[in-house]
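Q: Attaching a single structure in structure tokens format; questions to follow.
The values are calculated or read from the model by the stated rules, or taken from the named source; none is laboratory data. From a predicted model like this one, the values you see are computed outputs, not experimental measurements. Backbone-built Cβ (ideal geometry, glycine too); neighbour counts: all protein chains shown.
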């Protein structure tokens, strides 16, 4: 798939399956992520790969981190436990917030977000499916601690990667003129 086709036709894939993602495919996705804009070259982003049996352990962490999980129905507990099992590979996108005189916190988060977008595009270009998810667990202190994050780090999202196992939505046809304007300076 050529680059522009991948960029213009990529959609999120909510249902993913095996076979496993190869180390070579993972390498390409992470290298693509590392090409994201990075003001002052602070390198705020890192990614945690969760695959194989570790996905079940992450599911247990998700359940333990859920408020009042003991009171949930067994079905709801199982659903939370199985969240990481949605794909053969789960990448946790992590941003390290650091003080810098020219780079605000928002730019650090945007850099990691751009890295996630590059992962999504690289996966699609390799004919894989991927979806970026967040939710309460991305902002949960217990999840951050269980993943070994420092106090300065934040989860930007969970990226599920695998082989598409569903009918995908067609990309919406959007008119450029609905989203692009030209600025006209006011004459003083």
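Q: Looking at the stretch 17-33, which of the residues that are part of a loop (DSSP other than H, G, I, E, B) and under 18 Å from residue 120 (Cβ atoms) is farthest from the chain's Cα centre (by Cα)? First the steps, then the outcome.
A: Residues of the stretch 17-33 that are part of a loop (DSSP other than H, G, I, E, B), as a first pass: 18-22.
Subset that is under 18 Å from residue 120 (Cβ atoms): 21-22.
Values: 21: 16, 22: 18 Å.
Here the answer is 22.
Q: Continuing with the same structure: Which residue is nearest to residue 34 (Cα to Cα), if the candidates are limited to the stretch 70-103 and must be without any contact (Cβ under 8 Å) to a residue 40 or more places away in the chain and part of a loop (DSSP other than H, G, I, E, B)?
A: Among them, the one singled out is 99.
Q: Answer yes or no as to whether residue 120 is in contact with a strand residue (DSSP E or B) (Cβ under 7 Å, 6 or more places away or on another chain), in contact (Cβ under 8 Å) with a residue 24 or more places away in the chain and either farther than 30 Å from residue 69 by Cα or in a loop (DSSP other than H, G, I, E, B) (or both). Spell out the reasoning first.
A: Working: in contact with a strand residue (DSSP E or B) (Cβ under 7 Å, 6 or more places away or on another chain): yes; in contact (Cβ under 8 Å) with a residue 24 or more places away in the chain: yes; either farther than 30 Å from residue 69 by Cα or in a loop (DSSP other than H, G, I, E, B) (or both): yes.
Here the answer is yes, as residue 120 does meet what is asked.
For (1) surrounded by fewer than 12 Cβ atoms within 10 Å (Cβ to Cβ); (2) in contact (Cβ under 8 Å) with a residue 24 or more places away in the chain; (3) out of contact with any strand residue (DSSP E or B) (no Cβ under 6 Å at 6 or more places or on another chain); (4) in a strand (DSSP E or B), each residue gets a yes or a no:
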position	(1), (2), (3), (4)
142	no, yes, yes, no
159	no, yes, no, yes
167	yes, no, yes, no
170	yes, yes, yes, no
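Q: Now for a different question. For the structure I just gave you, tell me whether residue 116 is modelled with pLDDT of 95 or more, surrounded by 13 or more Cβ atoms within 10 Å (Cβ to Cβ) and either more than 21 Å from residue 6 (Cβ to Cβ) or more than 14 Å from the chain's Cα centre (by Cα) (or both). It would help to see each step written out before you state the result.
A: Working: modelled with pLDDT of 95 or more: yes; surrounded by 13 or more Cβ atoms within 10 Å (Cβ to Cβ): yes; either more than 21 Å from residue 6 (Cβ to Cβ) or more than 14 Å from the chain's Cα centre (by Cα) (or both): no.
Against the criterion (modelled with pLDDT of 95 or more, surrounded by 13 or more Cβ atoms within 10 Å (Cβ to Cβ) and either more than 21 Å from residue 6 (Cβ to Cβ) or more than 14 Å from the chain's Cα centre (by Cα) (or both)), residue 116 does not qualify.
Q: Let me ask something else. Scan the stretch 127-139 residue by residue and report those that are buried (at least 18 other Cβ atoms within 10 Å of the Cβ) and either in contact with a helix residue (DSSP H, G or I) (Cβ under 6 Å, 6 or more places away or on another chain) or assigned to a strand (DSSP E or B) (or both). Break it down stepwise before answering.
A: Pass one, the stretch 127-139, residues buried (at least 18 other Cβ atoms within 10 Å of the Cβ): 128-131, 137.
The answer is 129, 130, 131, 137.
Q: Continuing with the same structure: So, in the stretch 81-110, exactly how many residues are in contact with a strand residue (DSSP E or B) (Cβ under 6 Å, 6 or more places away or on another chain) and under 14 Å from residue 46 (Cα atoms)?
A: Of the residues in the stretch 81-110, the ones in contact with a strand residue (DSSP E or B) (Cβ under 6 Å, 6 or more places away or on another chain) are 84, 86-96, 108-109.
The next check asks that each one be under 14 Å from residue 46 (Cα atoms); those that pass are 90-96, 108-109.
Total meeting the criteria: 9.
Q: Do we find that residue 67 is assigned to a loop (DSSP other than H, G, I, E, B) and in contact (Cβ under 8 Å) with a residue 24 or more places away in the chain in this structure? Write out each step before concluding.
A: Values: assigned to a loop (DSSP other than H, G, I, E, B): yes; in contact (Cβ under 8 Å) with a residue 24 or more places away in the chain: no.
No: the conditions fail for residue 67.
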